[in-house]
Amino acid sequence: MRIGVPKEIKPQEYRVGLTPGAVREYVAAGHDVLVEAGAGAGIKADDAAYEKVGARVAPSADAVFAEAEMIVKVKEPQAVERKRLLEGQILFTYLHLAPDPEQTDDLMRSGCSAVAYETVTDAHGRLPLLAPMSEVAGRLSIEAAGRALQRFNGGRGLLLGGVPGVQPARVVVLGGGVVGTHAARMAIGLGAEVTIIDKSLPRLRDLDELFESQVRTRFSSLETIEEEVFNADAVIGAVLVPGASAPKLVTRDMLKHMKPGAVVVDVAIDQGGCFETSRPTTHSDPMFEVDGVVHYCVANMPGAVPLTSSQALNNATLPFGLALANKGLGAVLDDPHLRAGLNVHRGAITHPAVAESLNLPLRDPAEAVRAELGRNGPRLAS
C-alpha cells in the first residue's frame, strides 16, 4: 500500500505521523511510504533521515494526498487538508469528531474511511492509541498549572509544592483515568496536596493503592465537585467519554466561588472541554481569564514535546497502522478493536458516540465495510 505522511499544519504542532523508525517498519513490510518534505522538522528528523530508511520525499502536501492510499497523521485534518482527501482513501489519525460538526461533514463528503486513534480499543476496554498522549498531557498539565499560578500570568502567585513552613498548592484532578493518574503523579512529585475525583469506586480504590494514600480520593457528585473546586488552587480537567463530548463538570457560576487567581487546565478540550468557560487555545497564546480564574486550554498539549510524543504515539499506533496497510479495510473486519476506531466510512457515521453527539444516523461499521469490499473487490483488501 502507498502510505502518505503530510506535514502537520495545526498551529504549534511539531509532531509527525510517522518517525523514521516507524517508516522503516512499513518499508520492511513491503509498503511504499511518501513523506512530505519537512514533515519531520519538528522532531529534528530531516528529509535525508526518511530517505535513508526507504521513504520517498514529496515536494508538497498536495502530492502526498494525491498519491497515497492511506494518510497517517497526528492531529485532525484541517480544512485545507480535508479538501485534499480522496474517495476511498483511508485516514488514520486523531479526529475528536463529537464537538466538531464541520470536520465531520467534510469527512463524510470526502468519501474517505476515517479511523480515529482515540476510539480504537483493546481487549481490556482501554484506549491504547489515546493512552500515550494522555500520559504526556497529564504530566504536562501540572507543568502548565505551575506556570499559570505564577503571578505574572494572572495566577495566585503560589508555588505548587510550597516550601518548608508554607502550605503547598491544592490540586484537584477531575477524572482518575490515564490523564488524571499521570497528572496526580507529577503533582505529588512536586509536593502538592492532591485530590482525585472519579465516579468509579473500583478505580478510586485502585488509585488509593497505587499512590499508597498520598492522594485523597473522592466519589464524584455535584456536592463533592463544588467542595473541592471551590477550595482548589488548580483544577485539572481529565475526564473522557470515548468518542463523545466531554461533560461540563464546572459551570461558569462555580467560577465565582473559586479562589481569585485559581487555575483550571482543561485537558479534555479536544472533546469540547469539561469547563463551561473553556475555549481552545494555542501554545503561543495558551491562557485567558474568566471571572478571575486563569484558564489553560491548549488543544494539542503533547505538541510541545514532539520528540517524546511522536515516539510514544508511533509505538502505540504501529501495529494497527501496519494491519491497515497489509489488509486495507479488511483489517477492520478482522479486528473488533480496530473496528471501534472507524468513525466515518463512505459518507456514513460508524461510531455510536459520534452519531449520538452530533445527532446523525449510525451505520454498523462491519456492515459498511463488508458492503464496500464487496463492491470494490481486492483493491481495498490488498
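What follows is calculated from the coordinates using simple rules that are stated; it is not laboratory data. Bear in mind the structure is a predicted one, so any value in this text is a computation, not a measurement. Glycine also receives a Cβ, built like all others from the backbone with ideal geometry; neighbour counts cover every protein chain displayed.
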- Fewest-first ranking of PHE288, PHE219, using other Cβ atoms within 10 Å as the exposure measure: PHE219, PHE288
- LYS256 versus VAL27, label points 7 Å from Cα toward the beta carbon: distance in nm? 6.2
- Sorting VAL344, VAL23, PRO306 by the position of each Cα along the dipole of the chain (Lys, Arg +1; Asp, Glu -1; all at Cβ), the one nearest the positive end of that ordering is VAL23
- Note on the structure: Flagged as over-length at 32 Å C-alpha distance, from LYS10/LYS199; LYS7/LYS199; LYS44/LYS248; LYS10/LYS259; LYS199/LYS256, the pairs are LYS10/LYS199; LYS7/LYS199; LYS44/LYS248; LYS10/LYS259
- Query: How big is the charge dipole of the chain about its Cα centre, in debye rounded to the nearest 20, if each Lys and Arg gets +1 on its Cβ and each Asp and Glu gets -1 on its Cβ?
  - Reply: 300
- Cβ density ranking, 10 Å radius, fewest first, applied to LYS199, LYS259 yields LYS199, LYS259
- By Cβ neighbour count within 10 Å, fewest first, MET258, MET108 rank MET108, MET258
- Message: Suppose each label sits 7 Å from its Cα in the direction of the beta carbon; what would the ARG205-ASP364 distance come out to in nanometres?
- Response: 3.7
- Subtracting the Cα-Cα distance of PHE230 and GLU143 from 0.36 nm times their residue separation yields 29.2 nm
- Message: What is the angle, in °, between the Cα long axis of helix 365-376 and the longest principal axis of the Cα atoms in the chain? Nearest 10 is fine, range 0 to 90.
- Response: 20
- Estimated distance in nm for a label pair at GLU102 and LYS44, the labels positioned 7 Å out from Cα along Cα-to-Cβ: 3.6
- Task: Between beta-carbons, use under 11 Å as the cut-off and find the net charge around HIS182, counting Lys and Arg +1, Asp and Glu -1.
- Result: +1
- Taking +1 at the Cβ of each Lys and Arg and -1 at the Cβ of each Asp and Glu, which of VAL241, GLY42, LEU174 sits farthest along the dipole of the chain towards its positive end, judged by Cα position relative to the Cα centre? GLY42
